[in-house]
Amino acid sequence: MIASLLSSRRWALLPALLATTGALAQAPVDPIKLGKPDPLDFKAESFKGDSAAAAVVLCDYGVTRFRLNGTSFQFETDRVTRVKILKKAGYDAATVLVPLYHRNNSEERLSGLRGTTYNMVAGQLQKTKLDISKTFVEDRTANLRVRKFTLPDVREGAVIEYAYTVTSDFLVNLQDWTFQGPYPVRWSEYRAAIPEYFDYKMLMQGYVPLAVSTREEGGGQYTVHTAGGFAEGGGSFRGGSGREAASNDVLTGRVTNYRWAMKDVPVMRDEPYMTTTDDYVARIDFELAGTHMPGQAYQAVLDTWEKINTDLLDDNDFGQQFGRGGFLKEQVQGLAAKYPDPTQRAAAVRQIILAAVRYNGTNRYATDGNLRKAYDAHSGSSADVNLLLIAALRQAGLTAHPVLLSTRAHGRVNQSFPLLTKFNYVVALVPLADGKDLLVDATDPDLPCGTLPERCLSQTGRLIMPQASASRWVDLSPSQRHVHFQQVQLALDAQGGLAGKVHEEYAGYAGANARGELAKLGEKKYLAEIGRQHTAWAVPQAAVAKHETTEAPFALDYSFTQPADDNATAGTLYLSPLREFGSSQNPFRHEDRQYPVDFGAPQEEMLLVALTLPDGYELAETPKNAIIDLPDGGGRYLFNVATIGSTVNFTSRLALRKPVYSAAEYTHLREFYRLMLEKQAEKLVIKKKA
Amino acid sequence: MKAKNLLALLFAVPLSGAPRFAPVGAPEPKYSVATIPAALREGAHAVLRADDEVVTVKSAGRLVHTVHKVITVLDAGGDAFGRTTVGYDALNAIGYLRGAVYDADGRLLHQLRASEIRDQGVGDAGGSLMTDVRVRYADLRQPQVPYTVEFDYEVVSDNTLFYPTWQPQDEEGLAVQSATLRVSTPAALPLRYQERQWPAGAPLQHTRAGSQEQYAWALADRPALDEEDNAPPLADTTPGVALAPGAFEVQGHAGSASTWQSFGQWNYELNAGRAVLPPATIAKVAELIKDAPDPRTRVARLYNLLQGSTRYISVQLGLGGWQTFPASAVATSGYGDCKALSNYTMALLATAGVPAYVALIGAGSDHADLRPDFPSNQFNHAIVCVPLASAGRPDTLWLECTSQTTALGYMGSFTGNRHALLLTPKGGQVVATPRYRCADNRRERRIDLYLDAAGAATATARTLRTGQEQDTYAQLLHELGPTEQKQYVAEHLRLSTFTISRFGLAAAPGAGTPGVVETLGLALPGYAPPSGKRVFVSPNLLSRLPALPAQVGTRQTALWVPRASLQADTVQLHFPAGFQPETLPAPVQMATAYGNYSAQYQALPDGTVRYVRRLEMPRLHLPAASYAGYVDFRRKISAADRAQVVLLKTDV
């Protein structure tokens, strides 16, 4: 069901898209020539259709080719970008930050930076060059440098252009090309000339079609430069030992020239209930699947899922950690005897980990130190916490395996790309006797055992097994919903004043949120919030009844009084009894939607109101019962009224059964909420009995 | 919005430290939670067990600030205190940063390791392209509360323009068990200080030992406070001591902050000689003003030139937080920070024969006004002041030079309603920026609301906002595209379900206080569904002011409403044939110390109903006892704003 939402529009493996053309042909003409802006770019009529834009990217062009640096391959990407600044609000487009990674001896390097701003002043084209001495490098973190520059003399109507080359040693990560951004793009083109020695997998995503997608076979030459010096033993390229002279060799090989382009790419808009825009933006990703060096056999780099499984188990920061969990033995001693039931025992182990290690908010799938260190510091990443959990579960005699996943904010995992870097989180899976799996996470004390935090609800995770062949995908569909239950007794007096008693429960994810909120605010402020949401009420009594145990719903009881409305009419009373207990605004505020609505988990809201009318009064008219259904059983709203004596009983129940609704379902969802809110706001006319 | 930092702000917060006890693996328990008095746990998320800060003035150009802080986190609400961040830059070095954490019984749980301290650049935070400010931070949050963290750090500062300000109770929910500040300074460099909200009975201890002067302040047993609605900021209500230099020296530039005059003099001289423009710019200015003898017209034209050809880009390195780029650099690059753009503007005006001054100011809608009685660095921004006169009376123009869109002379919420320090050749001089009153900050709205027989409605609304009421909308208008503008408005309408059928934002014509006009077309399905033969309509579609929550406990702090405003609404209610008004709400008229409110309904001969609402609220600074009256005023407004017209179906 969920998989069908990931329509083929969103993901496509590129080879299917590529038209293979003949092996000859001239290289296509570059879409942009630095230093030669089009005179039309200074004419207002060229931008008539862009009234909504502050700036327009006229052309964004990247070319990647490979070269040898000594005996190591590198790739170089030239980038040329030209932007038209339409409004002052678009000035930010003139400031560019280029992140450059470095790790050990490998790095990304920026060179050849140049830029120019063109202004048309009284019919004359004025050029102002970027002064390289006014560009900066910031060492943001240990592995990240940011090269920063801003174009000079930027005004409304200016055309700016800049170009630079990034040289990278990180062959595994041929950089993504993102066609879509904060400004509309007229033309975005990326070319890559990839020698036969490198086998990249390519993945296209997004909602914008390609205007160009071609591949041409050609040839290329690469010069291998071997430095002179004393070669040591058998490690040398040529074997033997002794003094060697520097030398140059030429490699000639087949090169595939790829070309992709998009035309008139719209702006990426952030919408509510999304995972991350990264999941939807028009982009092409590359991952190195393998290398095929001259004279050598094909070497797989991009793994199979099975190989990833095996490697992870061998990894010092992952699988090898489980064998070092002996220090946990003492902690979990006796649990096996006390809790023969695996579910209960898992919950008890989880409590021990929750109490011992604090999740520090960093998401990782592997530890970057060792588990003992995190245990001693009482603090760690999601990997530290949950790998400790797995080790402890095993010490307690349970079977437990890691499940890798990517959090919602990190973006979805594509099952056809066996890539570790796409994951950033790990949880535990405990197989149960009935064939079901118990997914356990120990980062959030407000959730019960067996419920993953909402950040983990990203559809699928990868189970890592002792036998690689047994590894598989695991459904991360939430085991819990957002549940909100309210039971209200309302007494109306003949003047229109109200007295109410409310019992409220939050369960599932709503329960966890309420517990978190209570912990953050403290009980006094938490209860004061009720008054903030209902400013017409006086709340003389309020108490949180239950919140300690995460297994039971979070419960709350309070009473309130509401004085009569100033303009009540004698003899007739008007009241919307449900309105204060439902939401006052439709959460879907925009008419249309580009991307799926991703709630993470299904939702249920139940509201029971028993309204006692003043003596001698009755409803002038009973509201109509209603059932509103979403198409395909996606959800239902039920509204029901029953009068017993002087008490009118209302039942209002919302059920949204799916965690994710497609963009096509958006209109229905919006209308569904509208009808529900209208029903909840309905006004009763209460009159004196004749 | 635009954070035109003079680096200053980052260090306005005390950020240095003092090591009284280096945390070593002491076996005996420390800071047991049981020793916290019950009164301090009441309403507290965390308790400051000890805050011992020492400021040592080494010379006019160097100061060392050491901090030893011990905080017990009582519950999840106090979790943020389990972490600490220490900033540094080219002129402020961190000597050391150490930490330890203890359990509820005071047993050492963990000692912070060097490898656990993160270090990173603050990047483009605050809109700066480049800054040398970096942070180190440490996270000692624990899985179980309560726990106690202990942090020790030292900052060695070569920027003595800034002395630390000490205010231990700087957050709500934080009780203070013990806090001390000690200052040691050579007698030749006498300390300047200001005690703020300082309690009686805890006098300063001032001693002299040889050539050193010692000052010591101590606070103890301060229960936690709640931040209340419509209240002054905590910084204005809890005790603290502000420190400032007399003589100081930054990178060879010596000065004195003893008076505003001398503080201004130092700034003026630091930037003197940097207002020289290239010949091409001078020629451009001459061309622009040749037919404009009137100084005001000249200012308008040059401000227009500035706004059309420059933009705000901040580069803050070393003394660059205080010393401007030369005007010639702005002329070639077309960008600069607040100082550079202000200096450039001053140079343009000087070329045109209009004298003007750069002025330092504490900018931001929630920035405290200048404390004129304590000359010290209280600034984070620079603007330009042009002292003009009209008909013999002063008619000063103030220019925000970092905005490409702000109206000439407009300061708004960012820099209006406060004091600034003019930098003149004779030194500094404190002057007031424009004050915006009810009549300046207006929101005038006219709505036609059309109802159909099924209960759906459509509406057209035209809203003029002026002065501080338009600040957000002016930003929307100038800084976002139409699509994002509409999205913002859709997200802020307090309506159940609606569709925006028409939308536009435009600058209101005319000089004076700037304004923005918003036109809105709305479709409102199910706005007023009939209940039997009656229809209930709220004519106040867009201007309902919510009530305040009922006060829990006794109000502690003063009532503050920082902005004066005037709202005027007219709604014409049109309904279909076959309906007639059964009940119109009674008129409401209130004249109070908190403001004036009126609402009137009138059935017009053309069959429509007209609703007229007016709310005038002055800027309020009233004692805590007035709060109940204000809540009542707001409750009555809210009730009146929700009043409904009842229509009766007549054709059934």
Mind checking which residues of segment A:655-675 are closer than 26 Å to A:Asp270 by Cβ and of a type in the set (A, V, I, L, M)?
-> A:Leu656, A:Val660, A:Ala663, A:Ala664, A:Leu669
Quick one: is B:Arg494 assigned to a loop (DSSP other than H, G, I, E, B) and either small (Gly, Ala, Ser) or closer than 24 Å to A:Glu682 by Cα (or both)?
-> yes
Mind listing whichever residues of segment A:648-689 are within 26 Å of the chain's Cα centre (by Cα) and of a type in the set (A, V, I, L, M, F, W, C)?
-> A:Ala655, A:Leu656, A:Val660, A:Ala663, A:Ala664, A:Leu669
Consider B:Ser128 carefully, then state whether it is within 14 Å of chain A (Cβ to nearest Cβ), of a type in the set (Gly, Ala, Ser), under 30 Å from A:Leu100 (Cα atoms) and surrounded by fewer than 21 Cβ atoms within 10 Å (Cβ to Cβ).
-> no
Is segment A:227-244 home to any residue that is at pLDDT 90 or above and assigned to a loop (DSSP other than H, G, I, E, B)?
-> no
Of the residues A:Gln296, A:Gln344, A:Gln331, A:Gln321, which is out of contact with any strand residue (DSSP E or B) (no Cβ under 9 Å at 6 or more places or on another chain), free of Cβ contacts under 8 Å to residues at least 60 places away in the same chain and part of a helix (DSSP H, G or I)?
-> A:Gln344
Filter result for the condition that a residue is away from every other protein chain (no Cβ under 13 Å), under 27 Å from A:Arg191 (Cβ atoms) and of a type outside the set (Phe, Trp, Tyr), over A:Val63, A:Val56 = A:Val63
Output the helices (runs of 4 or more DSSP H) that fall wholly within segment B:246-334 and possess 1 or more residues being under 28 Å from the mean Cα position of the chain (by Cα) and among the polar types (S, T, N, Q), or say none.
-> B:260-270, B:295-309
Single match in B:Ser390, B:Ser403, B:Ser365 (criterion: at pLDDT below 95 and either buried (at least 18 other Cβ atoms within 10 Å of the Cβ) or in the same structural domain as B:Val571 (by TED's automatic domain parsing) (or both)) = B:Ser403
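Considering every residue within segment B:149-167, establish whether at least one is within 14 Å of chain A (Cβ to nearest Cβ), at pLDDT 95 or above and crowded, with 19+ Cβ neighbours inside 10 Å.
Within segment B:149-167 (the criterion being within 14 Å of chain A (Cβ to nearest Cβ), at pLDDT 95 or above and crowded, with 19+ Cβ neighbours inside 10 Å), the answer is yes, since at least one residue qualifies.
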Tell me, yes or no, whether segment A:400-420 has at least one residue that is closer than 25 Å to A:Gln320 by Cα and assigned to a helix (DSSP H, G or I).
-> yes
For segment A:406-417, state whether one or more residues are charged (D, E, K, R), touching a residue at least 24 places away in the same chain (Cβ under 8 Å) and over 19 Å from A:Leu556 (Cβ atoms).
-> yes
Taking A:Ser559 as the residue in question, decide whether it is within 10 Å of chain B (Cβ to nearest Cβ), over 29 Å from A:Cys449 (Cα atoms) and in contact (Cβ under 8 Å) with a residue 40 or more places away in the chain.
-> no
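For segment A:424-537, which fully contained strands (runs of 3 or more DSSP E) count at least 1 residues that are of a type in the set (Lys, Arg)? I'd like the intermediate steps shown before the answer.
Numbers: elements: A:425-431, A:437-440, A:460-463, A:472-475, A:482-492, A:498-508.
By residue number, A:460-463, A:472-475, A:498-508.
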Looking only at segment A:649-690, which residues are within 14 Å of chain B (Cβ to nearest Cβ) and among the β-branched types (Val, Ile, Thr)?
-> A:Thr667, A:Val685, A:Ile686
Scanning segment A:511-524 residue by residue, those within 8 Å of chain B (Cβ to nearest Cβ) and without any contact (Cβ under 8 Å) to a residue 60 or more places away in the chain turn out to be A:Lys520, A:Leu521, A:Gly522, A:Lys524
Number of the exception - B:His478 against (1) within 13 Å of chain A (Cβ to nearest Cβ); (2) closer than 21 Å to A:His590 by Cα; (3) touching a Lys or Arg at 6+ places or on another chain (Cβ under 7 Å) | (2)
Report yes if B:Tyr488 is within 14 Å of chain A (Cβ to nearest Cβ), among the aromatic types (Phe, Trp, Tyr) and free of Cβ contacts under 8 Å to residues at least 24 places away in the same chain, otherwise no.
-> yes
Among A:Gln495, A:Gln541, the single one that is within 14 Å of chain B (Cβ to nearest Cβ), surrounded by fewer than 16 Cβ atoms within 10 Å (Cβ to Cβ) and either within 30 Å of A:Asn309 (Cβ to Cβ) or polar (S, T, N, Q) (or both) is A:Gln541
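Please verify whether segment A:154-167 includes one or more residues that are farther than 30 Å from B:Val315 by Cα and either away from chain B (no Cβ under 14 Å) or assigned to a strand (DSSP E or B) (or both).
No, that holds for no residue.
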What residue, among those in segment A:356-367 that are facing another protein chain (nearest Cβ under 10 Å) and either within 21 Å of B:Ala80 (Cβ to Cβ) or acidic (Asp, Glu) (or both), is surrounded by the fewest Cβ atoms within 10 Å (Cβ to Cβ)?
-> A:Gly361
Exactly one of A:Leu608, A:Leu619, A:Leu630, A:Leu638 is of a type in the set (A, V, I, L, M, F, W, C), within 13 Å of chain B (Cβ to nearest Cβ) and either surrounded by fewer than 19 Cβ atoms within 10 Å (Cβ to Cβ) or in contact (Cβ under 8 Å) with a residue 12 or more places away in the chain (or both), and that one is A:Leu619
Hey, can you tell me all the residues within segment B:519-539 that are more than 9 Å from chain A (Cβ to nearest Cβ) and touching a helix residue (DSSP H, G or I) at 6+ places or on another chain (Cβ under 8 Å)?
-> B:Leu520
Considering only residues that are aliphatic (A, V, I, L, M) and part of a loop (DSSP other than H, G, I, E, B), look in segment A:28-40 and name the one that is surrounded by the most Cβ atoms within 10 Å (Cβ to Cβ).
-> A:Ile32
Consider A:Leu97 carefully, then state whether it is surrounded by fewer than 17 Cβ atoms within 10 Å (Cβ to Cβ), under 30 Å from A:Asn257 (Cα atoms), of a type in the set (A, V, I, L, M, F, W, C) and touching a strand residue (DSSP E or B) at 6+ places or on another chain (Cβ under 7 Å).
-> yes
Within the bounds of segment B:499-507, is there any residue that is touching a helix residue (DSSP H, G or I) at 6+ places or on another chain (Cβ under 8 Å), part of a strand (DSSP E or B) and facing chain A (nearest Cβ under 10 Å)?
-> yes
Can we say B:Gly123 is within 9 Å of chain A (Cβ to nearest Cβ), among the small types (Gly, Ala, Ser) and in contact with a Lys or Arg (Cβ under 7 Å, 6 or more places away or on another chain)?
-> yes
Among strands (runs of 3 or more DSSP E) completely within segment A:41-145, the ones holding 3 or more residues that are touching a residue at least 40 places away in the same chain (Cβ under 8 Å) and of a type in the set (Gly, Ala, Ser) are A:106-121
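The values are calculated or read from the model by the stated rules, or taken from the named source; none is laboratory data. Fair warning: this is a prediction, and the values are worked out from it, not measured in the lab. No Cβ is skipped: glycine too gets one built from the backbone with ideal geometry, and neighbour counts run over all protein chains shown.
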